[in-house]
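This report refers to the structure that appears directly beneath it.
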Amino acid sequence: MKILVANLGSTSFKYRLFDLPAETQLARGGIDRIGQAQSACFVEVGGRREESSLAVADHAAAVKMCLDQLTHPDFGCLKSVREVAAIGFKAVFAGNLSGVRIVDDELLRKMEDLADIAPAHNPMYARAMRQLRSAFPEIPLVAALETAFHDTIPAANRLYAIPFEWSEQYEVQRWGFHGASHRYLNTRIAQLMSVACSRREQVPASDTVQPNDTALGESGLHSLRVITCHLGGSNSLCAARGGKSLANSLGMSPQSGLPHNNRVGDFDPFALPIILRKSGKSLEQVLEEMSSQGGLLGLSGLSQDVRDLEEAAARGHERAKLALDVFVASIRQYLGAYLTVLGGADAIVFSGGIGENSRFVRAEVCRDMAWAGIVLDESKNDSVPRGSESCISSANSKIQIWVLPTNEEIVVARQTAEVVGTLIHADRH
């Protein structure tokens, strides 16, 4: 079954084509600057890369170009568009319409109605999905909501202490996000935990998860306690036991939790009247600034990129150092809380652009944590090869510490294939 996984940006479209159940990646590609005079396009099939520049009006046109590339007689990997069983999307938020769902009018209306919660994602995805339903009615569209993995979070960790009817009537609660990433990391670490850290310090990253051959045993897997740290442009920590989410640092919206690259993270809403009154700005203006000028960028006044901040802090830039200090302190606070949620941990996993590449952030998060059973091996932490799966904990650490590249696309592909397979089975019966 061929599944196309789409990752949409406001002016971009990136994709991967998978063949399931083998989980082989057949192709990947992308188009940037959609809607502008010239769009940069690329496709990679079997090690061959083709690049071009031409006008791409909208996301429907981008998908058509993608399908043209994949069926090209010279370098394509498909004989016909009919080979694509479905297009899967890592959609963000639709409230109680969570899970993995066929894209229909009800879902699109709900995503549009809740656009205020995910303004950088929902409007764009809903618009593109409408375009694609119209342009390719023969191809099922499947939305794998980012909240789905966190549907198992218990009420005690999910609800805010607000008037109860707000939760019931307005769906105001801690939904949690980055579900595809946290799901993948929990699946992968359960497999890697079967091998002692000292015997498997570095293994190649793989798009395909191998069958589980674990020394932990089934009972151990069902109770495995993992704290996953998805750190990149946006950030979250997740506490999971036996592969089921029990808490996530992101709350009602992707703007909450840890500081993000340019989004504020946790913030007291009772500060808003003061900001509105003293700045003279509207609520919409203030919310837009909190979503685009906060986070690491707002704290540092310099950059939203941790690499820039680390370099500047090393040169004595005080606000760059401050931004990093606030970021690390927030991660440590959630880490400590999740050790309580889980009653300890068997593994801590770092992933995402920052988690995989910043040895500084990993070291600072784990600093002076021996009391909790967390002991980093500094030499291992300093020498993690790019793109590798690496254990960086010391031999005397009670909790294993890992760096794992995430793979959200393969999770969406699996979920999409499962939904489409169910539809096919239903049609046959």
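Derivation of every value follows stated rules applied to the coordinates shown; laboratory data play no part. From a predicted model like this one, the values you see are computed outputs, not experimental measurements. Note that we place each Cβ from the backbone using ideal geometry, even for glycine, and neighbour counts take in every protein chain shown.
Rounded to the nearest 20 debye, the dipole size of the chain about its Cα centre is 300 debye, using +1 on the Cβ of Lys and Arg and -1 on the Cβ of Asp and Glu.
Relative contact order, whole percent, for the range 245-360 stands at 21, derived from Cα pairs under 8 Å and 6 or more residues apart.
Under the combined filter of DSSP loop state and at most 14 neighbouring Cβ atoms within 10 Å, the range 340-401 retains these trypsin sites (Lys or Arg not before Pro): Arg367, Arg386, Lys398.
Ordered by the number of other Cβ atoms lying within 10 Å of each residue's own Cβ, fewest first, His72, His230, His59 fall into the sequence His72, His59, His230. The GNM of the chain, with springs linking C-alpha atoms under 10 angstrom apart, assigns the highest mean-square fluctuation among Gln69, Gln285, Gln333 to Gln285.
Here the Karplus relation 6.51 cos²θ - 1.76 cosθ + 1.60, evaluated at θ = phi - 60°, turns the backbone of the range 39-54 into coupling constants of 10, 7, 10, 8, 9, 10, 9, x, x, 9, 10, 10, 10, 7, 9, 7 Hz, with x for every Gly and Pro. Each DSSP beta bridge with both residues in the chain is either parallel or antiparallel, and the antiparallel ones are about 75%. Where only DSSP H runs of four or more residues are counted, the chain gives -11500 deg cm²/dmol as its mean residue ellipticity at 222 nm, each run worth -39500 (n - 2.57). When you count the other C-beta atoms within 10 angstrom of each residue and take the mean per peptide, 288-294, 257-263 line up highest first as 257-263, 288-294. For the chain, the membrane-span-like helix rule (DSSP H, alpha carbon extent of at least 24 Å along the helix axis, mean Kyte-Doolittle at least 0.5) picks out 318-342; this says nothing about an actual membrane. Relative contact order, whole percent, for the chain stands at 14, derived from Cα pairs under 8 Å and 6 or more residues apart. Against the set (1) 65, 27, 20; (2) 36, 24, 20; (3) 33, 28, 23, the structure's computed semi-axes √(5λ) of the Cα gyration tensor in Å falls on (3). For Gly9, the residues 5 or more places off, or on other chains, whose built amide H falls under 5 Å of its own are Lys14.
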